[in-house]
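Undergrad: First the structure, then my questions, so here it is.
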Amino acid sequence: MKVLVTGGAGYIGSHTVLELLRLEHEVTVIDDLSNSSIESIRRVEKLSARKVKFYQGNILDKNLLRTVFGRNTFTTVIHFAGYKAVGESIKEPLSYYHNNITGTISLVEEMLKYRVHNLIFSSSATVYGSASVPPYNENSELGQPTSPYGQTKLIIEQVLQDVVSSNSDFKVSSLRYFNPIGADESGEIGEDPKGIPNNLMPFISQVASGKLDKLSIFGSDYKTEDGTCERDYVHVTDLANGHVNALNWIEKQKLSVFEVFNLGTGKPSSVLQMVNSFQQHTKQRIPFEIVDKRPGDLAAFWADVNKAERDLNWSAKKSLRNMMEDTWNWQKNNPNGY
Ligand code: NAD
Ligand code: UFG
């Protein structure tokens, strides 16, 4: 199949492009490299021994979109491009609303003009907010996300649902990721955050490599088994394969449809369990201290994954051990990222 991937040089995008190439799909990427490096694309090409058609630019740039859609034919667009830092979105809400929401509208307008009718969208478990009790299933009530970033995901899902209602050809699969971590087992591609990481796994792995002194654990008196927050961590290669299955699913849909799927493992792990698991499987020591809670964090959430298993025929295969070993493999081979 011929697939356009926006944000394909980024963390989840590059792993998805790799899995698509391994299955011999033809992949075109648009990425402005605002949060990534062209090196990820080079490495994906090397690992798969296949080529990517790459356009460097912004999905807000209509001329670029017209060039890309005018010169290529696509069956499906997988849309990762967007900003994703929760804290930054609180400081710069307009840049998040503009890039994520206007960016998606700009993309969908051109898709409709060029009659490309299948869209797979990167949503997030953050749309559930605190309204429901975990495990979240796709019918769980949607909450009030605690950041502008989270709001953009909720609003984009609504926009896409409205486009589907107005157009008898348009099909959308919105994938709500839980907590993606890990790296391709080659250790050649992985998560490469700029500056000090906000997320748990990149922080742990940079403590292990000596770039950071110690981990701060945000709170230890949550109502969870060991008092630290629980999340559903899913290996990025499993997540990438979830997109491959969603691609097969969307191509089979005859009628216009908007369907959401949770992508997670269905199992929660606490921050302390993650630290212990990393230490056990990589033999690296992770010094930590317990500090105040981080505003906006929920105590625990994880996915009900039955719908993805049933309809996408997808389930996460990789263990916590794989996630730890692969994270460390990437980090130690690439201490300064790409
Ligand atoms: P990432 O930042 O590594 O990848 C996003 C890519 O999009 C980057 O390469 C960036 O340069 C590019 N980009 C951003 N705005 C663009 C624009 N306007 N035009 C063209 N390119 C643009 O992030 P990721 O972790 O790979 O996340 C991918 C998607 O998944 C995002 O939409 C994110 O919100 C969503 N998501 C991520 C997580 C997570 O924990 N990583 C969780 C849930 C959802
Ligand atoms: N944590 C620490 N110390 C750190 C970083 C994180 O203790 O230095 C804890 C957090 O308090 C949380 C857990 O580790 O309990 C996971 O935190 P992350 O920042 O890695 O992930 P979140 O669950 O907060 O957020 C992630 C994505 C968001 C997405 C959200 C819901 O980063 O984009 O999941 O899907 F919106």
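Every number in this text was worked out from the coordinates using simple rules, so none of it is lab data. Everything numeric here is computed off the predicted structure, so don't read it as measured data. Counting neighbours? That spans all protein chains shown, and the Cβs are built from the backbone with ideal geometry, glycine included.
Undergrad: Would you mind calculating the relative contact order of region 1-78 from Cα pairs under 8 angstrom and at least 6 residues apart, reporting the percent as a whole number?
TA: Relative contact order here is 39 percent.
Undergrad: Which ordering of Thr152, Thr282 is given by a fewest-first count of other beta-carbon atoms within 10 Å?
TA: Thr282, Thr152
Undergrad: Here is a follow-up. When Lys and Arg each count +1 and Asp and Glu each count -1, what net charge do the other residues less than 15 Å away from Gln206, Cβ to Cβ, add up to?
TA: +2
Undergrad: State the Cα centre-to-centre distance between region 141-206 and region 1-51 in whole Å.
TA: Centre-to-centre distance over Cα atoms comes out at 17 Å.
Undergrad: Straight-line reach from Lys318: which lysines have a Cα under 16 Å away, not including same-chain ones fewer than 8 places off?
TA: Partners within reach: Lys267.
Undergrad: Can you sort Val164, Val68 so the residue with the fewest Cβ neighbours within 10 Å comes first?
TA: Working: Val164 19, Val68 22.
If I rank by nearby Cβ atoms, fewest first, I get Val164, Val68.
Undergrad: Could you list, in their original order, any pairs among Lys211/Lys293; Lys214/Lys293; Lys254/Lys317; Lys84/Lys194; Lys194/Lys317; Lys214/Lys283 whose Cα atoms are separated by more than 18 Å?
TA: Lys211/Lys293; Lys254/Lys317; Lys194/Lys317
Undergrad: Only Cα pairs under 8 Å and at least 6 apart count here; give the relative contact order of the chain as a rounded whole percent.
TA: In percent, rounded to a whole number, it is 19.
Undergrad: On to the next question. Mind sorting Val17, Val291 by how few other Cβ atoms lie within 10 Å of their own Cβ, fewest first?
TA: Listing Val17, Val291 from fewest to most nearby Cβ atoms yields Val291, Val17.
Undergrad: What does the charge add up to near Lys307, with Lys and Arg as +1, Asp and Glu as -1, over the other residues with Cβ less than 15 Å from its Cβ?
TA: Working: positive: Arg176, Arg310; negative: Glu138, Asp232, Glu259, Asp304, Glu309, Asp311.
Net of charged neighbours comes to -4.
Undergrad: Debye calculation, C-alpha points only, no solvent: report log10 I(q)/I(0) for the chain at q = 0.11, 0.13 Å⁻¹, in the same order as the q values.
TA: -0.68, -0.98
Undergrad: If a/c stays under 1.5 just call it rounded; otherwise compare a/b with b/c (prolate if a/b is bigger, oblate if not). Do that for region 78-137, with a ≥ b ≥ c from the square roots of the Cα gyration tensor eigenvalues.
TA: Numbers: a/c = 3.13, a/b = 1.37, b/c = 2.28.
It is oblate, given that a/c is not under 1.5 and a/b is not larger than b/c.
Undergrad: With label points built 7 Å along Cα→Cβ from the Cα atoms of Lys293 and Ser132, find their separation and express it in nm.
TA: Roughly 2.2 nm, to one decimal.
Undergrad: Given contacts defined as C-alpha pairs under 8 Å and at least six residues apart, what's the relative contact order of region 1-130, whole-number percent?
TA: Normalised by residue count, the contact order of region 1-130 is 27 percent.
Undergrad: Lys and Arg at +1, Asp and Glu at -1: add these up for the other residues within a Cβ distance under 10 Å of Ser48 and post the number.
TA: On the way: positive: Arg22, Arg43, Lys46, Arg50, Lys51; negative: Glu19, Glu24, Glu45.
Every neighbour counted, the sum reads +2.
Undergrad: Something else now. Which lysines, if any, have their Cα less than 19 Å from the Cα of Lys252, not counting same-chain residues under 8 positions apart?
TA: By straight Cα distance, Lys252 reaches Lys2, Lys171, Lys307.
Undergrad: Send over the per residue convex hull volume for region 76-181, Cα only, as a whole number of Å³.
TA: It is 103 Å³ per residue.
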